[in-house]
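Here is the structure we will look at, set down as structure tokens.
What follows is calculated from the coordinates using simple rules that are stated; it is not laboratory data. Quick caveat, the model's predicted, so the values are computed rather than measured. Cβ sites come from the backbone with ideal geometry, for glycine too, and all protein chains shown count toward neighbours.
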Amino acid sequence: MFECDRCGCCCRSLNKNSLYAQLDRGDGVCIYLDGDQCSIYNDRPLICRIDECYDRFFSGIMSREDYYRVNYEACKRLKEMEE
Ligand code: SF4
Ligand code: SF4
């Protein structure tokens, strides 16, 4: 399973990916973010579910290991941008 530390960085950077436009309150922050936490975590949309997205969209084109590596790298970059 992908190890998300729930830092919330990705949920504050939605304006970097048009896929998330409908969740963006207008400044890149998700309408469902409460502090650093997702207020609808158990019901969050598929595009917010890293493991489920792999199973649905990426399992045929890359290994889970590579997919995790790409996502961990994206998390790292987002965290660095907030430092
Ligand atoms: S940036 Fe990465 S570690 Fe932080 S909440 Fe998003 S997916 Fe989880
Ligand atoms: S729905 Fe939850 S997990 Fe998805 S971007 Fe918003 S706050 Fe983050």
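Overview of results
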{"item": "Cα gyration tensor of the chain - equivalent ellipsoid semi-axes, whole Å, descending", "result": "21, 15, 12"}
{"item": "Helix axis angle, 64-82 relative to the chain longest principal axis, alpha carbon, degrees", "result": "20"}
{"item": "Local net charge near Phe2, Cβ-Cβ under 12 Å (Lys/Arg +1, Asp/Glu -1)", "result": "-2"}
{"item": "Given charges at beta-carbon only (K, R positive; D, E negative), |dipole| of the chain in Debye", "result": "180"}
{"item": "Per DSSP, loop GluC sites (Glu not before Pro) in region 1-79 with at most 15 further Cβ within 10 Å", "result": "Glu3"}
